[in-house]
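One structure is given below, encoded as C-alpha cells.
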2 protein chains.
Amino acid sequence: MDLRTLETLRAVRSQGGVTAAAAVLHLTPSAVSQQLAGLTAEMGVPLTERVGRGLRLTPAGTALADAAVDVAVAVERARAACQGHRDSPVGTVRVSAFQSAAQLVFPRLLDAVAGWDGVTLECADEDVALADFPDLTDRFDVVVAHRPDGAADWPPGVRVVPLFREPLDVAVSPGHRLAGRAEISPEELADEAWITVREGFPVAPVLAAVAARSGAAPRIAHRINDFTVATAMVAAGHGISLLPRHTTPAFPGVRLLRLTGVPAGRRVEALLRPDRAERRVVARVVGVLTELAAEIDHRAGRGV
Amino acid sequence: MDLRTLETLRAVRSQGGVTAAAAVLHLTPSAVSQQLAGLTAEMGVPLTERVGRGLRLTPAGTALADAAVDVAVAVERARAACQGHRDSPVGTVRVSAFQSAAQLVFPRLLDAVAGWDGVTLECADEDVALADFPDLTDRFDVVVAHRPDGAADWPPGVRVVPLFREPLDVAVSPGHRLAGRAEISPEELADEAWITVREGFPVAPVLAAVAARSGAAPRIAHRINDFTVATAMVAAGHGISLLPRHTTPAFPGVRLLRLTGVPAGRRVEALLRPDRAERRVVARVVGVLTELAAEIDHRAGRGV
DNA sequence: AGGTCCATGTAGCCAGTCTGCAAGGACAGT
DNA sequence: ACTGTCCTTGCAGACTGGCTACATGGACCT
C-alpha cells in the first residue's frame, strides 16, 4: 500500500490500460503490472479483470481508486501545510493549453512567473478532442481547455476553474459579399462553404447549432484545427469560419462579424486533478491565470 | 514523502523523541533519524528542533503531522473501501485494557471473535496513568481506558468510543463497623484508612472529591493499583477502598456500600487512533466491545 | 569531571523495485 | 482458418533505497 502504487492504480483507470498508464508514469508496462499484482495480493481482492486484450478495474478496484484520490489530496494538503511555514511556494508546474489560448496566455504567464524564485513553468500546447481533455490532467498540473456553450460538464473527479467565456464570430475575407456587415444572422449563411475543426473538437457543435438555425446542413469545405491556418485560409477567400473573437490572430483584412439570434461561444477553463490542485505553487499559477482571464474579459467588454 | 515516513513523524511527535518512536515502530533510532532528515530535505523546512538532549517538532513539523493524520485516515478508508468488496473483514487487532476491564472483557471478546475466520485478536493488559492512555494508541488498535467522573476530556486527535459508566462503591471488610450498611455518606468516612491507587491513576481524583466532602484530607494507608490485591487487603481488614462496582472481583465477605450525596464513578471508554479506527476489523471489534458494554450496563440496571 | 542518555552521522548489507526479454491470449485482416 | 499485431504477464538480473550496527558529538545530572 504505497502512494506510488495508488497513483499507478489511478493511472490505469484513467488511461484505460497498463501500457498507457506506464507511458504516463514513465515506467515499463511490466513495472505497472507488478505493482498491480502486489496491490491485489495485499488487498486480497481482485482489482482488475481482463476484458479482451485490455484491462478494466473491478468494482473493488474502482472503489480503491476513488479512495486513492482522497489519499492523494490529503498528501498534497499535508505538503501544502508544510510549505505554508515556508516563505513562498516553490516547485515546477506543468501547464498545457490548446493552441489559441496558449498563444494568448503563455507569454504573459511566463512574464508573471519570471520574478518568482524557485518556480519553474513548463508549458506545452496540447489540442485534443473534447473528451480527451480530462485525461491530460494526468500529465499536466494545469490543463487549459475549452468547451462549447451547451456542452456537457466535465466528468466528476476533475477540478474546474472557469477562466473566461469567448464569443465565436463569423470570419470572412475582405472580398466576401458580407464583408461590410457588422452583424449577421444564421439564416444568411445557408450556402456558405465552411472551414471548421476536426470532428469531436470543441467548437464543432457550435457550427452545428448555427447551421441548424439556417435550416440546412453546413457545407464543410475544409477541416483545419489550427486557427492561425484557418484564418489564413479565410483571408485568402477559401471559405468562412467560426472563430473565437479574442484569440483569433490579427490577420490583415479578415473581418469578424457578430452572430445574432444564436448564442455562439466557448468557455475556457482550467482543468486540474484534485491532488495537483492542492499544491500551493499550482494554486498560485492558477491564481495568475484567473487574473489574466479577468483582464481578457474586461478588455473585451465582457464579451457578448 | 512516504506513508511510513509520515507515520514515523507522528510517532516522534506522540512519543516525544527519536528513541521512543523507534521503539514503537520497531526500528532503530538511526533509521528514524534518517527518515526525519530525508523528510526535512524534501519539505525544505526544518521539521524538528533540538531541545535539551531531546527533540521537538517545529510548527511546520506539527502542521505536517496533523495533516499526516488525515493521510493515514484516507489510506485506511481506502483499504476499507476495498475490503468492503470482500466477504468479511480480516486481520489482526491489538487490544489493550486496564486490569479490571481486561478481566471482564477479554474472555468474552475472545469468545465472540473465536468464530471469525481470519481475525486474530492480540490482547494485552496495560494499566497506566491517566495521561498516558492516549499514547498507548500508538501500540494498540483499541485501548480500553478509564477516566474518573469530571476528569478532563481526552486530548484531540484520539477517537473515543464510550463503553459504560461504572459507579465506585466503598468496599469494607465483613468485620468493619459499617459492614451492615447498604449506603454510606462521605461524612461518615472521615477517619477511615484508605487503600487507593498510585498518584495520577484514574480513580485517585474521585477519592479526593469524596474526601473533600468529608472535610478532612483522606488518610491513605496503602497505594495498590491492582484491584484484586486491593480487594484482598480490604477483606483482611487493612483498610477501606473505593472500588468499581461491576469489575471488583468477587471476594468472600467484602461488602460494597453505595455512596450517597456525591457522584462517584468512572467512565470506561475505548480509545483509538483515527486511522486505526477506519480499519473494518477494528470497527467490528469495537462493535462487539460496545455490545458487551451494553450488556454490562443492562445487567447492572444502568448503574446509579 | 565523569557518567549517562539522546540524537546523528557512516559503512555495509539486504530487500524491494525497475528494466529487458520472452511467453501467452485476444482481436483483426487476409 | 491462419497469421500478424497488440496487450498483459511472468522471469532473471541490476540497482536504488532503507535499515542495522557501530561510532561520534552534545547536553543533562551527580
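The values are calculated or read from the model by the stated rules, or taken from the named source; none is laboratory data. Just so it is clear, the model here is predicted, and its values are computed rather than measured. Here the Cβ is made from the backbone with ideal geometry for all residues, glycine too, and neighbour counts use every protein chain on show. Surface accessibility is based on the protein's heavy atoms, side chains included, excluding ligands, DNA and RNA. Shrake-Rupley method; radii C 1.70, N 1.55, O 1.52, S 1.80 Å.
What list of ³J(HN,Hα) values in whole Hz, one per residue of region A:126-133 in order, does the Karplus curve 6.51 cos²θ - 1.76 cosθ + 1.60 (θ = phi - 60°) give from phi, with Gly and Pro shown as x?
9, 10, 10, 5, 3, 6, 9, 4
Chain A: which residue's Cβ hugs the A-to-B rotation axis most tightly, distance rounded to whole Å?
Chain A residue with minimal Cβ-axis distance: A:Ala74, 2.
Set Lys and Arg Cβ to +1 and Asp and Glu Cβ to -1, take the dipole of the protein assembly as shown about its Cα centre, and tell me which of B:Leu9, A:Ser96, A:Gln35 lies farthest positive.
Value: A:Ser96.
Using packing as a proxy for protection, rank A:241-253, B:152-164 so that the peptide with the highest average count of other Cβ atoms within 10 Å comes first.
A:241-253, B:152-164
Run through every distinct alpha carbon pair of the protein assembly as shown and return the Kirkwood hydrodynamic radius in angstroms, one decimal place.
29.8 Å
Over all residues in B:35-44, what is the mean tally of Cβ atoms on other chains that come within 10 Å of each residue's Cβ?
Mean partner-chain Cβ count within 10 Å for B:35-44: 2.
Only four residue types carry charge here, +1 at the Cβ of Lys and Arg and -1 at the Cβ of Asp and Glu. Report the dipole size of the protein assembly as shown about the Cα centre in Debye, rounded to the nearest 20.
Roughly 220 debye, rounded to the nearest 20.
Roll a 1.4 Å probe over the protein chains and send me the accessible area per residue for region B:165-266 in Å².
That works out to 42 Å² per residue.
If you roll a 1.4 angstrom probe over the protein chains with everything in place, what fraction of the accessible area of region A:162-234 belongs to carbon and sulfur, to the nearest %?
For region A:162-234, the apolar C and S fraction of the accessible surface comes to 56 percent.
Shortest first and in nm with one decimal, please list how far the B:His238 label point sits from its counterparts in the other copies (point 7 Å along Cα→Cβ).
Result, one decimal in nm: 10.6.
With both bridge residues required to lie in region B:165-266, what share of the DSSP beta bridges run antiparallel, to the nearest 5%?
55 percent
Other chains near B:251-260: what is the mean number of their Cβ atoms within 10 Å of each residue's Cβ?
0
Return the single residue from A:His222, A:His176, A:His85 with maximal mean-square fluctuation; model: Gaussian network over chain A, springs between Cα atoms under 10 Å.
Evaluated over chain A, the most mobile residue of the options is A:His85.
How big is the antiparallel share of DSSP beta bridges in chain A, given as a percent to the nearest 5?
60 percent
Pick out the long, greasy-scoring helices in chain A: whole DSSP H runs spanning 20 Å or more along their own axis by Cα, mean Kyte-Doolittle at least 0.0.
A:29-43, A:59-83, A:99-114, A:280-299
How many nm separate the modelled label positions at B:Ala232 and A:Val90, each set 7 Å beyond the Cα in the direction of the Cβ?
Label at B:Ala232, label at A:Val90, 6.6 nm between them.
Can you list, shortest first and in nm, the gaps between the label point of A:Gly287 and those of its counterparts in the other copies, using a point 7 Å from Cα in the C-beta direction?
Values, ascending and in nm: 4.6.
Have a look at B:Ala250, B:Ser173, B:Ala204 and report the one farthest towards the positive end of the charge dipole of region B:165-266, computed about the Cα centre with Cβ charges (Lys/Arg +1, Asp/Glu -1).
Toward the positive end, the furthest listed residue is B:Ala250.
Apply the a/c threshold of 1.5 to the C-alpha gyration tensor of region A:11-71 and tell me whether it is rounded, prolate or oblate.
The shape class here is rounded.
Using the Cα gyration tensor of region B:165-266, with a ≥ b ≥ c the square roots of its eigenvalues, what is the shape: rounded (a/c below 1.5), prolate (a/b larger than b/c) or oblate (neither)?
Rounded, because the longest to shortest axis ratio a/c is under 1.5.
Of all beta bridges DSSP finds with both residues in the protein assembly as shown, what is the antiparallel percent, to the nearest 5?
Approximately 60 percent, going by the DSSP bridge assignments.
Expressed as a rounded percentage, what relative contact order does chain A have, with Cα pairs under 8 Å and six or more residues apart?
Relative contact order here is 22 percent.
If the label for B:Glu199 sits 7 angstrom from Cα along the Cα-to-Cβ line, what are its distances to the same label in every other copy, in nm to one decimal, shortest first?
The projected label point of B:Glu199 is separated from its counterparts by 8.6 nm.
About the Cα centre of region B:1-131, how large is the charge dipole given +1 on each Lys and Arg Cβ and -1 on each Asp and Glu Cβ? Please answer in debye to the nearest 20.
It works out to roughly 340 debye.
Between A:Arg56, A:Arg267, A:Arg94, which gets the highest mean-square fluctuation from a Gaussian network model of chain A, Cα cutoff 10 Å?
Among A:Arg56, A:Arg267, A:Arg94, the largest mean-square fluctuation in the Gaussian network model of chain A belongs to A:Arg56.
Who wins for biggest fluctuation among B:Ala23, B:Ala235, B:Ala171 in a Gaussian network model of chain B, springs between alpha carbons below 10 Å?
Top of the fluctuation ranking is B:Ala23.
What are the residues whose amide H is under 5 Å from the amide H of A:Arg219, where those residues sit 5 or more places off or on another chain and H is modelled from the backbone?
Residues meeting the amide H criterion: A:Trp194.
Given a 1.4 Å probe and no ligands, DNA or RNA in the count, how much accessible surface is buried by B and A, both sides, to the nearest 100 Å²?
Result for this pair: about 2100 Å² buried.
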